[in-house]
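Chemist: What follows is a single structure, and I will ask about it in a moment.
The values are calculated or read from the model by the stated rules, or taken from the named source; none is laboratory data. All of these numbers come straight from a predicted model, not from anything done at the bench. The protein model used for the area step is the full one, side chains on, heavy atoms only, and it has no ligands, DNA or RNA in it. Shrake-Rupley method; radii C 1.70, N 1.55, O 1.52, S 1.80 Å.
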Amino acid sequence: IQGRGSVRQLLGERETSVHARPLLGKPTPCVGRQTELAFLEGILSECINEPEARAVLITSPPGIGKSRLRGEFVERARKRQSVIRILSARGDPVYAGSAFVLAAQLIRGAMELSASEGAEAQHACLRRYLRDLLEERPAEHAAEFLGELVRAPTTGAPSPLLVAARNDPRIMFEQLHTAFESWLGAMACSATVLLVLDD
């Protein structure tokens with residue numbers, strides 16, 4: 001939020017903090033989760049050393065401490081010596097059943113796209129980022145389709161494939177899948193990638 005006096009402008013949403021809520025203004029220690037944290041750290045070590053992809057699903061009733069466990073684990077991952085790219089996204093019941101909503105959040109976070117910038121500026125940032133990450137042809141394809149995904153569409157003339165995809169949801173789904181897979185594959189080749197999906 002920015003502005004002066006009684007006029008305020010909402011620029012965007014703050015990233016949700018993974019830190020624990022303070023008690024009387026002080027952070028509280030995480031207790032009783034050493035087994036789970038050791039297990040998660042062991043899985044992460046396997047991914048770094050092998051390398052291989054692994055998935056861990058944490059479930060429990062509300063209020064048991066899943067978010068706190070996630071926060072503690074992410075903090076420990078950040079403190080490791082290895083280069084780890086941590087990307088997070090949160091589910092929202094409003095978008096339940098919508099394909100690629102979490103993927104769009106992951107991409108926006110990785111590319112540091114700001115909702116306060118216009119779509120043209122966001123798309124230019126997206127193109128620069130992808131050119132550094134992918135070869136030229138895959139980068140152009142990914143920029144067009146990931147731009148659609150993160151609501152920063154191409155400002156130039158769309159390719160025939162993008163025109164076709166805009167008119168056929170099946171083609172759009174396939175091309176978004178391909179573009180997302182190219183991006184994530186290239187990310188994983190440059191560093192260990194930790195995806196944290198919440199709720």
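Chemist: How much accessible surface does residue 26 have with a 1.4 Å probe, in Å² rounded to 10?
Modeler: 140
Chemist: Whole number in Å², please: accessible area per residue of the chain, 1.4 Å probe, ligands, DNA and RNA not counted.
Modeler: With all protein chains present, the chain gives 67 Å² per residue.
Chemist: At 222 nm, what helix-only mean residue ellipticity would the chain give, in deg cm²/dmol to the nearest 500, using -39500 (n - 2.57) for each DSSP H run of four or more?
Modeler: -16000 deg cm²/dmol
Chemist: On to the next question. Which whole-Hz ³J(HN,Hα) couplings does segment 54-69 yield from phi under the Karplus relation 6.51 cos²θ - 1.76 cosθ + 1.60, θ = phi - 60°, glycine and proline marked x?
Modeler: So the Karplus estimates, Gly and Pro as x, are 9, 10, 10, 10, 10, 10, 5, x, x, x, 7, x, 4, 5, 5, 4 Hz.
Chemist: In whole angstrom, how far apart do the alpha carbon centroids of segment 107-131 and segment 41-91 sit?
Modeler: Taking the Cα centre of each part, segment 107-131 and segment 41-91 sit 26 Å apart.
Chemist: ³J(HN,Hα) across segment 150-167 via Karplus (A = 6.51, B = -1.76, C = 1.60, θ = phi - 60°), whole Hz, x for Gly/Pro?
Modeler: 9, 6, 9, x, 4, 9, x, 5, x, 5, x, 5, 5, 4, 5, 5, 5, 9
Chemist: Give me, ordered by chain and number, the residues 5 or more places off residue 194 or on other chains with an amide H under 5 Å from its own placed amide H.
Modeler: Sorted by chain and number, the residues that satisfy this are 85, 86, 87.
Chemist: Using a 1.4 Å probe over the heavy atoms of the protein chains, calculate the carbon and sulfur portion of the accessible area of segment 68-180 as a whole percent.
Modeler: The value for segment 68-180 is 52 percent carbon and sulfur by accessible area.
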